[in-house]
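Let me begin by presenting the structure, written as structure tokens, before commenting on it.
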Amino acid sequence: MFETFKLWEDKIPYYIGGEEPSVTYYKTTAKKGRGTVIICPGGGYSGRAPHEGHGYADFLMSEGLDAFVLNYRVKPNTYPAALADARRAIRFIRYNADKFDIDPNKIAIMGSSAGGHLAAHAATYLGTLEEEVGDAVDSVSYVPNAQILCYPVLDYEGHAGSYKNLLGERVEDEALRESVTPIFLASKDTPPAYMWHTASDSGVNVCNTYRYAARLKELGIPVEMHIYPVGGHGLGLADRTDPFLGTHPEFLSNGRIAATPHVKSWAPLLVSWLKLFGFFSK
């Protein structure tokens with residue numbers, strides 16, 4: 001079963017109209033008190049790919065873990081709208097942990113491609129946002145307990161196009177670009193990371209994943225990273241089972257998304273990692 005919740009009932013920070021940010025809750029019948037995962041689909045900050053959102057949620061539910069898909073703001077919205085949505089989602093779910101029967105200290109944020117940037121950004125940015133409303137939901141922590149990054153955008157060199165959509169006309173400001181770059185924002189308070197990428201990804205440069213992992217290592221943050229030798233960008237679960245792909249044949253013909261048996265091991269490995277960090281037990 002799933003249900004959608006608005007993140008704000010009244011004033012929405014940085015709102016310029018259009019779709020309101022929300023989370024869609026995918027609830028299992030598993031034991032109470034488990035952790036949960038907030039999923040940020042990719043799409044270059046210009047859209048949100050269903051197979052990297054609802055597809056992941058379905059997989060996690062099949063493993064007995066609740067999940068939330070974040071419907072965050074994209075272009076023409078610019079920074080910090082999406083970050084405000086991610087922080088609010090973490091707070092909203094933590095504030096309502098009893099209602100959702102989840103452990104408020106086991107909330108992971110997950111993202112693919114530009115969604116991976118958003119997840120890492122939420123995991124590393126510890127500053128304030130001017131328009132945060134300061135209500136009861138905002139009284140709890142916005143810092144996730146873990147980050148899960150799938151072929152993520154982690155710096156400007158990783159994928160300039162995502163930064164252009166995120167920052168709009170301000171993208172030429174190098175200082176601003178660095179201020180929204182997880183590699184520079186990471187600190188000893190950054191949560192553990194699970195990361196995967198393919199070495200042959202022509203969409204997002206795998207080297208930015210190496211750089212982020214190296215930075216976390218310097219800080220003493222636990223990292224599990226899998227780099228697969230072959231596979232295109234946007235693979236999702238790498239099994240081509242999501243209905244989204246059937247309605248977008250261009251993803252199947254250009255090699256970007258294809259059944260990649262070797263790569264699909266990342267998902268069960270993620271489940272093992274989540275168990276290691278206590279997401280399946282109270």
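The numbers here are math on the coordinates, done by the rules we state, and not lab data. Quantities reported herein were computed from a predicted structural model and do not represent experimental measurements. Cβ coordinates were reconstructed from backbone atoms using ideal geometry, including for glycine residues, and neighbour counts include every protein chain displayed.
A compact table of results
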{"read-out": "Cα gyration tensor shape of the range 113-187, rounded if a/c is under 1.5, else prolate or oblate by comparing a/b with b/c", "value": "oblate"}
{"read-out": "Packing-based exposure ordering (other Cβ within 10 Å, fewest first) of Cys150, Cys207", "value": "Cys207, Cys150"}
{"read-out": "Two-site FRET efficiency, Lys27 against Met225, from Cβ-Cβ distance with R₀ of 35 Å, rounded to 0.05", "value": "0.70"}
{"read-out": "Order of Lys264, Lys11 under a 10 Å beta carbon neighbour criterion, fewest first", "value": "Lys11, Lys264"}
{"read-out": "Rel. contact order, % - alpha carbon contacts under 8 angstrom, at least six apart, the range 32-137", "value": "38"}
{"read-out": "Choice from Glu52, Glu224, Glu130 with maximal GNM fluctuation in the chain (Cα, 10 Å cutoff)", "value": "Glu130"}
{"read-out": "Spin-label model distance (nm) - Ser265 vs Lys188, 7 Å beyond Cα toward Cβ", "value": "3.6"}
{"read-out": "DSSP H segments from the chain that extend 20 Å or more along their own axis, Cα-based, with Kyte-Doolittle mean of -1.0 or above", "value": "81-95"}
{"read-out": "In nm, spacing of pseudo-spin labels at Ala214 and Ser202 (7 Å Cα→C-beta vector)", "value": "2.6"}
{"read-out": "Residue exposure sequence - Asp10, Asp201, Asp85 - by fewest surrounding Cβ within 10 Å", "value": "Asp10, Asp201, Asp85"}
{"read-out": "Modelled label reach - Arg170, point 7 Å along Cα→Cβ, the range 78-94 residues with backbone N closer than 13 Å", "value": "78-84"}
{"read-out": "Distance violations [Cα-Cα > 23 Å] among Lys217/Lys264; Lys31/Lys99; Lys6/Lys27; Lys188/Lys264; Lys27/Lys275; Lys32/Lys264", "value": "Lys217/Lys264; Lys188/Lys264; Lys32/Lys264"}
{"read-out": "The chain, relative contact order in percent, only Cα pairs under 8 angstrom and at least six apart counted", "value": "18"}
